[in-house]
Structures are given as structure tokens and as C-alpha cells.
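Q: First, the structure itself, so that you have it in front of you.
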Amino acid sequence: MLFQMVSLVLDVVAGLIAGTCLLRFLMQWQRISFHQPLGQFVFAVTDWLLLPLRRVIPPWSAWDLSSLVGAFLIKMVQYALLWLLAGGQWALGLLPLVSLVGTAQLVVTALSALVLVLAVMSWVNPGSPMYSLVARLSQPFLRPFQRVVPLIGGVDLSPIALLLVLQLVGMVLARLQATWMF
């Protein structure tokens, strides 16, 4: 029971910090201004980790690699603490792979949440500034599905197709991680 409670707290804290690192990566990739409340939040949560990493890891083209590495390192610390708490039940050499899969799972979960927020906001308040921000963040992932999935009665079903693919990928990643951890 103690393991489950600590695991939950670590998952929430690591998910918040690593997820914010990933959001910073996505915002910079999409050239979204950080001079807004969400951007200020992203800076406040990630600067302590990413500013030192930027001295070592330069950006590559429009991609801020330090944000990706930061998210990976946070997940690695999370799984290392879980490994210690579990008494070293799984091979420590698998820690980087488990952390990589954990980061990929976080990407899948965050992208699923982003698409769900976009879908709800498109029905509730499509004129808000937050809707345009969410639409810009999710557009690179929805665009390939919009090319394939036709509009049906003027309704864009591409978010449903993307969510289905994300759920399938999430299931594969969870199974892969479970086989390595236990």
C-alpha cells in the first residue's frame, strides 16, 4: 500500500514537471508566444531544470532538445526512486528503457488530453483565445488524420481517429513497460 501511495505521488509530480517540459518543447516548436499565462507557468515550472541543460544541449533546428532530455531525466528519477522503493525487483540496467517508455506514455497521455480539450472547446467556446492556443498545439498531430478521415456532415472526426491510435499506442507502451518492470 505504501508503494502504491508513493508511486501515485511520484507519478503526479513527475508527470507535471515532465509534461510541462514537453509542453515547452511543443510551444517552442510551434513558435507560440510565452508572453501569456500558460507560457509564464511553463517557464516557472521548467526553468530550474532546462536552463542548466541548455548550456550542455543546444537546440537542433526549431527543436529544443533540452526540453525533451529534461522530461526524460525527470521520468528516469521517478523510476529510479520506484526501483529503490521496490527493493530492486527489476534490472537496473533497464532503467533508461523504462524511462524512455514512460516518457513516451506521458506524450501519449498529454496528447490525448490536448485533443479531448480541443474537441470539447470546439463545441463549447470555439472563439476563446485558449481554443486557438490548443488548436495550434494539436494541429501538427491532427493534420495527417484530417487528410485521411473525411468530414461527415461537416463534423471533423479526425480527433476520434487520433485518440484511437493514441490509445492503441498507449496500450502497447504499457504492456512493454510492465514486462520490463515486473
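Q: Does SER7 satisfy the condition of being closer than 13 Å to LEU81 by Cβ and either in contact (Cβ under 8 Å) with a residue 24 or more places away in the chain or not in a helix (DSSP H, G or I) (or both)?
A: Criteria met by SER7.
Q: Select, from MET121, MET130, the only residue that is on the phi < 0 side of the Ramachandran plot, open to solvent by less than 60 Å² (accessible area, probe 1.4 Å), modelled with pLDDT under 95 and in a helix (DSSP H, G or I). Before the answer, list the steps.
A: Details: MET130 fails: open to solvent by less than 60 Å² (accessible area, probe 1.4 Å).
Exactly one of MET121, MET130 is on the phi < 0 side of the Ramachandran plot, open to solvent by less than 60 Å² (accessible area, probe 1.4 Å), modelled with pLDDT under 95 and in a helix (DSSP H, G or I), namely MET121.
Q: If you don't mind, there's one more thing I want to ask. Looking only at the range 133-152, filter to residues that are among the aliphatic types (A, V, I, L, M) and not in a helix (DSSP H, G or I); which one of those is farthest from the chain's Cα centre (by Cα)?
A: Applying the filter and picking the extreme gives ILE152.
Q: Separate question: Select, from LEU116, LEU95, the only residue that is assigned to a helix (DSSP H, G or I) and loosely packed, with under 15 Cβ neighbours inside 10 Å.
A: Values: LEU95 fails: loosely packed, with under 15 Cβ neighbours inside 10 Å.
Exactly one of LEU116, LEU95 is assigned to a helix (DSSP H, G or I) and loosely packed, with under 15 Cβ neighbours inside 10 Å, namely LEU116.
Q: For the range 73-87, does any single residue satisfy the condition of being at pLDDT below 95, over 18 Å from PHE141 (Cβ atoms) and outside any helix (DSSP H, G or I)?
A: Scanning the range 73-87, I find at least one residue that is at pLDDT below 95, over 18 Å from PHE141 (Cβ atoms) and outside any helix (DSSP H, G or I), so the answer is yes.
Q: Let me ask you something else. Report, by residue number, each residue of the range 45-81 that is among the small types (Gly, Ala, Ser) and open to solvent by 80 Å² or more (accessible area, probe 1.4 Å).
A: Within the range 45-81, just SER61 meets the criteria.
Q: List every residue pair whose Cβ atoms sit under 6 Å apart, with the two residues 6 or more apart in sequence or on different chains, where the first one lies in the range 154-171 and is under 17 Å from SER138 (Cα atoms) and open to solvent by 50 Å² or more (accessible area, probe 1.4 Å) and the second, anywhere, is aliphatic (A, V, I, L, M) and outside any helix (DSSP H, G or I).
A: So the pair list comes out as LEU157/VAL149.
Q: Continuing with this model, one more query. Do you know which residues across the range 108-128 are closer than 15 Å to GLN30 by Cβ and in contact (Cβ under 8 Å) with a residue 60 or more places away in the chain?
A: ALA110
Q: Counting only residues that are open to solvent by 20 Å² or more (accessible area, probe 1.4 Å), under 21 Å from ALA104 (Cα atoms) and assigned to a helix (DSSP H, G or I), how many does the range 27-43 have? So that I can check it myself, show each step before the final result.
A: Looking only at the range 27-43, we keep the residues that are open to solvent by 20 Å² or more (accessible area, probe 1.4 Å), and these are 28-31, 33-38, 40-41, 43.
Right, trim to under 21 Å from ALA104 (Cα atoms) and you get 28-30.
This time we only want the ones that are assigned to a helix (DSSP H, G or I), so: 28-29.
The qualifying residues number 2.
Q: Could you tell me whether VAL107 is β-branched (Val, Ile, Thr) and buried (at least 20 other Cβ atoms within 10 Å of the Cβ)?
A: On the way: β-branched (Val, Ile, Thr): yes; buried (at least 20 other Cβ atoms within 10 Å of the Cβ): yes.
So VAL107 fits the description; yes.
The values are calculated or read from the model by the stated rules, or taken from the named source; none is laboratory data. Here the structure is a predicted model, which means the values were calculated and not measured. Neighbour counts run over all protein chains shown; Cβ positions are idealised from the backbone, glycine included. Quick note on the areas: whole protein, heavy atoms, side chains included, nothing else; ligands and nucleic acids left out. Shrake-Rupley method; radii C 1.70, N 1.55, O 1.52, S 1.80 Å.
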